[in-house]
Amino acid sequence: MTQFVGLAPGQAPKGHLAGLPPCPAADRIERVVLAIGQLFAFCWLLLVLLIILSVAERYAPPITATMALVFGATPGTALGELQWWLFAAGFMTGLPYAMVRGSHVRIDVVAEHWSLRRKAWVELLGTALFLLPFCALLLFYGMPFVLRSIQLNEISASPGGLGAFWLAKSLIVVAPALLVLVGVARLLRVGNYLFNRAPN
């Protein structure tokens, strides 16, 4: 999806729907999703550092002692779980970010030869019939799961694991909610092209 958000001055938009006119409403929504994605991108740096720390914790007694003060008698379990949390946060918030930037996988062998108008119609129908309903299902079935975890103040089942498990489980609804925002922005963008201006 061609985006006008996040482009450097003078940089031309490119991608699947290059040539769409700017849409301020879609731009505002996409800026929010991009900001959240950029914030959570630090999860990948933290994950790398945590993996290094986890390895060092196994073989360096002073680091093991320090980690035991922070995470308890078995710091390896908590560090391992924290790695999974960071991976989940980076991946789940990275999906909407990639869709805004057009970095997600697309198979455009046929569509690359279509007119912009036909691509916009396919984007409109695909978003309305597949992306948004799929996200709605994830939210409908995921929300009770997350709310129950919050009510129980769920903790890890592993000895020495992390508490506040609902933080990680909340990503089950955060990612689809962000994808809904992306879908709405996409509908606004292609709708602006299809219905508010004369086709090329």
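Looking at the range 133-200, which chymotrypsin sites (Phe, Trp or Tyr not before Pro) are in a loop (DSSP not H, G, I, E or B) and have at most 12 other Cβ atoms within 10 Å? Can you show the working numbers first?
Values: sites: 134, 140, 141, 145, 165, 166, 193, 195; in loops: 165.
Passing both the DSSP loop test and the Cβ count: no residue.
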Counting Lys and Arg as +1 and Asp and Glu as -1, each charge on the Cβ, what is the dipole of the range 105-168 about the Cα centre in debye, to the nearest 20? 180
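Would you please give the FRET efficiency between residue 177 and residue 122, computed as 1/(1 + (r/R0)^6) with r the Cβ-Cβ distance and R0 = 25 Å, to the nearest 0.05?
For R0 = 25 Å, the calculated efficiency reads 0.55.
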Highest GNM mean-square fluctuation among 160, 90, 183, for the chain with Cα springs under 10 Å, belongs to 160
Longest principal axis of the chain (C-alpha) makes with the long axis of helix 42-59 (C-alpha) an angle, in degrees to the nearest 10, of 20
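Find how much the distance from residue 59 to residue 129 grows on full extension, using 0.36 nm per residue of separation minus their present alpha carbon separation; answer in nm with one decimal. Please list the in-between numbers first.
Values: separation 70, 0.36 × 70 = 25.20 nm, distance 5.28 nm.
Value of the extension gain: 19.9 nm.
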Which ³J(HN,Hα) values, rounded to whole Hz and listed in residue order, are derived for the range 132-139 from phi using the Karplus coefficients 6.51, -1.76 and 1.60 in 6.51 cos²θ - 1.76 cosθ + 1.60 with θ = phi - 60°, glycine and proline given as x? 5, x, 4, 5, 4, 5, 4, 5
Using a 7 Å offset from Cα along Cα-Cβ at residue 87, what residues in the range 165-186 end up with backbone N under 17 Å from the label point? 168-169, 171-172
For the chain, what is the mean residue ellipticity at 222 nm derived from helices alone (per DSSP H run of n ≥ 4: -39500 (n - 2.57); sum divided by total residues; nearest 500 deg cm²/dmol)? -22500 deg cm²/dmol
5 Å is the cut-off here: which amide hydrogens, built 1.01 Å from N in the peptide plane, fall below it relative to residue 18, excluding neighbours closer than 5 in sequence? 2
What whole-number value in Å² describes the accessible area per residue of the chain for a 1.4 Å probe? 57
What share of all Cα pairs of the range 16-107, in percent, falls into each consecutive 5 Å distance bin? 3, 13, 17, 15, 12, 10, 8, 7, 6, 4, 3, 1
Stretched out fully, how many nm does the piece from residue 38 to residue 151 gain, at 0.36 nm a residue minus the Cα gap? 37.7 nm
Give me log10 I(q)/I(0) at q = 0.08, 0.10, 0.11 Å⁻¹ for the chain, Debye formula, one equal scatterer per alpha-carbon, no solvent. -0.38, -0.56, -0.64
In the range 67-137, what trypsin sites (Lys or Arg not before Pro) fall in a loop by DSSP, with at most 14 other Cβ atoms inside 10 Å? 106
Between the range 134-200 and the range 40-111, how many Å separate their Cα centres? 20
So what's the angle, to the nearest 10 degrees on a 0 to 90 scale, between helix 75-101 and the longest Cα principal axis of the chain? 10
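The values are calculated or read from the model by the stated rules, or taken from the named source; none is laboratory data. Since this is a predicted model, take the numbers as computed values, not measurements. Every residue, glycine as well, gets a Cβ built from its backbone with ideal geometry; the counts of neighbours run over all protein chains shown. When the accessible area is computed, the model is the full protein with side chains, heavy atoms only, and any ligands, DNA or RNA have been set aside. Shrake-Rupley method; radii C 1.70, N 1.55, O 1.52, S 1.80 Å.
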